[in-house]
1. Checking residue 57 against (1) without any contact (Cβ under 8 Å) to a residue 60 or more places away in the chain; (2) open to solvent by 10 Å² or more (accessible area, probe 1.4 Å); (3) part of a loop (DSSP other than H, G, I, E, B): exactly one of these is not met. Which one?
2. Across segment 243-272, which residue is modelled with the highest pLDDT among those that are open to solvent by 50 Å² or more (accessible area, probe 1.4 Å) and in contact with a helix residue (DSSP H, G or I) (Cβ under 6 Å, 6 or more places away or on another chain)?
3. Applying the selection to segment 104-124, what residues are open to solvent by less than 40 Å² (accessible area, probe 1.4 Å), within 27 Å of residue 206 (Cβ to Cβ) and part of a helix (DSSP H, G or I)?
4. For segment 276-298, enumerate the residues that are under 17 Å from the mean Cα position of the chain (by Cα) and modelled with pLDDT under 85.
5. I'm told residue 279 meets every condition in (1) of a type outside the set (Asp, Glu); (2) buried (at least 16 other Cβ atoms within 10 Å of the Cβ); (3) touching a residue at least 40 places away in the same chain (Cβ under 8 Å) except one. Can you identify the failing condition by its number?
6. Output the number of the condition that residue 83 fails; it satisfies all remaining conditions of (1) on the phi > 0 side of the Ramachandran plot; (2) at pLDDT below 95.
7. Could you give every pair whose Cβ atoms fall below 7 Å, whose first residue belongs to segment 100-111 and is under 13 Å from residue 163 (Cα atoms), and whose second residue is assigned to a helix (DSSP H, G or I) and not β-branched (Val, Ile, Thr), counting only separations of at least 6 or pairs across chains?
8. Filter segment 318-351 for residues that are open to solvent by 30 Å² or more (accessible area, probe 1.4 Å) and at pLDDT 85 or above; which is nearest to residue 199 (Cα to Cα)?
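The values are calculated or read from the model by the stated rules, or taken from the named source; none is laboratory data. Note that this is a predicted model, so its numbers are computed, not measured. All Cβ positions, glycine included, derive from the backbone under ideal geometry; neighbour counts span all protein chains shown. All accessible areas refer to the heavy atoms of the entire protein, side chains included, with ligands and DNA or RNA removed. Shrake-Rupley method; radii C 1.70, N 1.55, O 1.52, S 1.80 Å.
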Amino acid sequence: MPPAAKALRKEVRAFLNEQMPKSVSSAEKARSWSGGAAAFSKLLGQQGWLGMTWPKKYGGHERSYAERYVVIEELLVAGAPVGLHWVADRQSGPLMLRFGTEEQREFFLPRIARGEAYFCIGMSEPNSGSDLASVRTRAHKVEGGWRINGQKIWPSNAHSAHYMIARVRPGEAEPRHAGLTQFIVDMKSEGLTVKPIANLTGESHFNEVFFDDVFVPDNRLVGREGDGWRQVGAELAFERSGPERYLSSIRLFLEFLRVAGPNPTELEKQLIGRMTAEMWTLRQMSMSILGKLAAGEDPAVDAAIVKDIGTSFEQELPRLVQANAREDVTLETGDAFDDTLSYLLQTSPSFSLRGGTREILRGIIARDLGLR
C-alpha cells in the first residue's frame, strides 16, 4: 500500500471508533454490506469516502484505488452499515463513468458520492440462475422511451434502492449475447412491483421485481443499445473482486479470536492459522485485480476466480468454527460469539449465489483456461 493509503487507514479507524455506536451487536455487524443506514451513508459521503476514484467534476475525489480499498476494508472489518450505497458506489457509478452519457454522469454521480442515491442490479431472472444470456425481460420502443415487461429475481436491497440498472432484451432480439441492453429504472415507476424474499433469519435482503409495462425514457439507456453483454462483463469485475468477497464472515473470525483468548488450544491454533493464511492469500489476489482495474484493464476472469475462492472460504469458515467451538452453539443466547455464528450459519449458504453462482463462475474460468 502507498503511504497515502496507510495514513488514510488510521483516519478511517479513528472515524469508525467515534461514529460506530457501541451498542451495535456483533451479529448486527456481521450484516454490514447487506444492511444499511441512510445517515451513515451520507456521513461517508461528507468524509469523501464515496466515489473516491471518480473525477471531481462528478462529485468524486480523484483518489487512488488503493485508498478506496483501505476504506472498504476498514468499513467491513468494523461491521459498518454500508449496504444502502454499496452497489451504487461499487459498480453502478463506474458503469456510468465508462458507458453512460454526460447527462447521466452529471445527474447521478454527485448524488451517489453524497450517499443520497442507492442502486440495485437487475440481472438474474426466474429459471435462469446465473445464465445472464437467457434474459427474457423485454423492452419495446415507444414514443420518448421504452416499455419494459418481465421479472427480475435476487436484486439485493431492491426494496430500499432508488434506481435499478436493469439488463433487458430490446424488441424481438433473440441471440443470447447480442441485443442485450441496460437501462436505469426509477424504482418508483408506475407498474414496477418489489416483493422481498425472506431468508432463514427473517431478513429480506433479496427481492423479486416485476415490470408491468414500466416506462423508461430514452435518456436512461446506458451505453449503446445491444451492447449490454460487454458492458455488464466490465461491471461484474468490480462486483466480484473486492474485499467483501472474503470479509463477509470476518466478524465471526474476530469473535473466535476473542473466545479463544491468549491461550488457544492446539486445534484452535491450527484453525486460526489456516483462516489467517487463506484470508491473506485472498487479499493478495484481490489487490492484484485492484491494480488491473486501476490500469483500465478488464480482469473479468481473474475476478471470477477471486469470487469463487472467496465464497468457498466465507461459507466454510462458520462450519469450521462451529466444529471447533468449545461449547455447543445455543441459538438466541445473546452471547456475541453464539449469535454471530448462528447468523452466519444461516446466511452463508447464499454467499455463493450473489454475484454469480460458483457453477457459472467455474464455467467462465474453465472456458478462459481452455482458450489460453
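1. Status for residue 57: all satisfied but (3).
2. Within segment 243-272, the subset open to solvent by 50 Å² or more (accessible area, probe 1.4 Å) is 254, 257-259, 262-263, 265-267, 269-270.
Pick out the ones that are also in contact with a helix residue (DSSP H, G or I) (Cβ under 6 Å, 6 or more places away or on another chain) and you get 259, 267.
Numbers: 259: 87, 267: 90.
It comes out as 267.
3. 104, 108, 109, 112, 113
4. 290, 293
5. Among (1) of a type outside the set (Asp, Glu); (2) buried (at least 16 other Cβ atoms within 10 Å of the Cβ); (3) touching a residue at least 40 places away in the same chain (Cβ under 8 Å), the lone unmet condition for residue 279 is (3).
6. Failed condition: (1).
7. Between residues of segment 100-111 that are under 13 Å from residue 163 (Cα atoms) and residues that are assigned to a helix (DSSP H, G or I) and not β-branched (Val, Ile, Thr), the close pairs are 104/96; 108/96; 109/58; 109/93; 109/96.
8. This residue is 346.
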